[in-house]
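Contents: one structure, followed by commentary.
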Amino acid sequence: MPLKRRAFLKMAATSLCALPLGIKARLVYAGQRIELTLQPEQRAWFGDSYQPTRLWGIDWEVLRLKQNQPVEIVVKNHLPEATSLHWHGLRIDNAMDGVSGLTQQAIEPGEEFVYRFVPKDAGTYWVHTHHNTYQQLARGLYLPLIVEESTEYPVDQDHLFVMDDWRLNSDAQLDLKSLGNMHEWSHGGRMGNVLTVNRQIKPGIKVRAGSRNRVRVFNVANSRIMATEFSGVDAWICAKDGQPLAEPVRVEGPLVLAPAERYDLIVDIPTDWQGERPIYEVSTQQRFACAFWDVLSTNVATRRDKPVALPQNPLLNLSDRSADHHVQLMIEGGAMGGLRKAIYQNKSMGVRDLIQHKQIWAFNGVANLPDEPLLTVRSGDVVEIEMNNNTRWPHGMHLHGHHFQADSSRYQEGVWHDTLLMERGEKVVIRFQAGLPGKWLIHCHMIEHQAAGMVTWFEVSA
Ligand SMILES: [Cu+2]
């Protein structure tokens with residue numbers, strides 16, 4: 001049994017704000033060429049009583065690019081394993097999508113790869129490994145990525161709120177023995193016992209009383225669905241998965257995020273606050289403070305006006321377009337799912353054989369990446385995928401290289417997503433315009449589910 005979260009909370013050193021050795025603060029767009037080094041990283045989460053926790057990471061705290069400015073990002077692999085980087089949510093050339101084995105060869109240790117693209121959408125995205133993802137993401141190989149709007153949005157401060165879920169052993173090191181546990185793969189995925197925000201345990205987010213803040217909330221966990229409660233503040237959602245909402249929507253109740261989902265919030269801090277005010281994670285029975293507002297009392301004038309919408313990104317309005325294609329995606333398998341057989345690597349297999357190959361989930365009767373695409377479409381076509389979650393588990397469905405709209409009851413109509421939480425038994429139709437030519441993945445972003453079968457692809461031709 002993994003240690004319980006509470007045990008680790010007790011051990012945690014009080015908010016260490018300094019960046020660990022080898023991590024640089026904010027990589028701001030600095031001309032055309034940027035270098036990222038993938039490297040081992042240490043975090044002294046538990047003070048002097050334990051060895052620092054050894055992770056994998058990238059040598060920056062955050063990467064900030066500018067909308068419509070071309071970049072060349074040289075990624076140097078100083079890790080002991082091959083890897084590749086996926087630019088999650090960016091609509092860029094397929095050859096830059098970073099899926100090893102599909103869009104590029106993995107970057108070997110000591111080698112480098114140059115990603116070249118133009119970020120055409122402003123917003124909140126992230127970069128993460130797409131090679132042995134269930135292991136490498138669990139080790140922490142990701143980086144928040146912000147594409148700045150060309151006109152600055154009016155807030156006093158812009159904060160990251162990157163939530164992660166780590167599984168540590170009693171030595172406070174990554175519990176690597178539990179990677180690949182088939183029981184977890186067939187259930188909700190691999191859950192951690194330590195929650196961090198911005199790679200820190202219970203950090204303070206420095207704000208001024210009465211200020212208006214943009215807070216970019218990410219769930220970068222392998223599989224845990226997070227729920228964050230920002231109580232006592234006025235908060236609005238102004239973007240989902242990087243894409244602005246037509247009108248900001250007030251946050252009512254906890255903000256629920258499937259792995260890989262992001263929300264941009266506008267948060268007004270009350271004028272009479274000072275000192276520490278907790279922010280809670282409430283997805284489990286163990287409601288606890290995962291971070292706090294560290295409020296400096298000042299005489300900032302209160303803003304009582306509703307926040308304005310962010311400028312829209314160049315996405316096609318789908319409301320007056322009928323679909324050129326409509327396909328079904330039946331999601332099956334998992335524990336208590338009644339899956340009897342599926343095709344894996346072109347062979348029909350019973351469940352026992354599938355489990356031997358570490359497969360237990362299927363899309364349309366096929367476990368893992370098929371040779372043939374789910375569908376082939378032309379760039380510019382409007383596509384509908386009817387996703388049917390015929391399993392006993394929630395899933396976070398992610399489409400590479402595209403944003404889509406969904407008829408899900410959980411979200412407002414017209415909201416754009418690159419990742420969508422689906423409840424057990426739920427059916428959702430997603431709609432999008434096929435973008436750049438190439439091979440694009442559709443997969444569950446509960447990464448153990450993806451590893452165990454929940455992945456397919458579609459092809460866009462010119
Ligand atoms: Cu899933």
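The values are calculated or read from the model by the stated rules, or taken from the named source; none is laboratory data. Note that the structure is predicted; figures quoted are calculated from it, not measured. Glycine also receives a Cβ, built like all others from the backbone with ideal geometry; neighbour counts cover every protein chain displayed. Please note that ligands, DNA and RNA were not included when accessible areas were found on the heavy atoms of the full protein model with its side chains. Shrake-Rupley method; radii C 1.70, N 1.55, O 1.52, S 1.80 Å.
Below are the figures for this structure:
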item	result
Condition met for GLU386 (buried (at least 19 other Cβ atoms within 10 Å of the Cβ), of a type in the set (Asp, Glu) and either assigned by TED's automatic domain parsing to the domain that holds THR456 or under 30 Å from TRP236 (Cβ atoms) (or both))	no
Any chance ALA406 is more than 12 Å from the ligand (Cβ to nearest atom), among the aliphatic types (A, V, I, L, M) and without any contact (Cβ under 8 Å) to a residue 40 or more places away in the chain	yes
Residues located in segment 335-350, provided they are in contact with a Lys or Arg (Cβ under 8 Å, 6 or more places away or on another chain) and either at pLDDT 95 or above or of a type in the set (Lys, Arg) (or both)	SER348, MET349, GLY350
Residues located in segment 348-364, provided they are open to solvent by 20 Å² or more (accessible area, probe 1.4 Å) and either among the small types (Gly, Ala, Ser) or within 16 Å of the ligand (Cβ to nearest atom) (or both)	SER348, GLY350, LYS358, ASN364
Condition met for VAL415 (open to solvent by less than 50 Å² (accessible area, probe 1.4 Å) and either more than 23 Å from the chain's Cα centre (by Cα) or acidic (Asp, Glu) (or both))	no
Enumeration of residues in segment 432-446 that are more than 9 Å from the ligand (Cβ to nearest atom) and not basic (Lys, Arg)	PHE432, GLN433, ALA434, GLY435, LEU436, PRO437, GLY438, TRP440, LEU441, ILE442
Sole exception among (1) outside any loop (DSSP other than H, G, I, E, B); (2) within 14 Å of GLY57 (Cα to Cα) for PRO80, by number	(1)
Residue that is least open to solvent (accessible area, probe 1.4 Å), among those in segment 366-383 that are of a type in the set (S, T, N, Q) and touching a Gly at 6+ places or on another chain (Cβ under 7 Å)	ASN368
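Per-residue answers, yes or no, for (1) at negative phi; (2) in contact with a His (Cβ under 7 Å, 6 or more places away or on another chain); (3) among the hydrophobic types (A, V, I, L, M, F, W, C); (4) not assigned by TED's automatic domain parsing to the domain that holds ARG277:
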{"site": "LEU145", "(1), (2), (3), (4)": "yes, no, yes, yes"}
{"site": "VAL162", "(1), (2), (3), (4)": "yes, no, yes, yes"}
{"site": "MET191", "(1), (2), (3), (4)": "yes, no, yes, no"}
{"site": "VAL197", "(1), (2), (3), (4)": "yes, no, yes, no"}
{"site": "ILE205", "(1), (2), (3), (4)": "yes, yes, yes, no"}
{"site": "PHE218", "(1), (2), (3), (4)": "yes, no, yes, no"}
{"site": "ALA221", "(1), (2), (3), (4)": "yes, no, yes, no"}
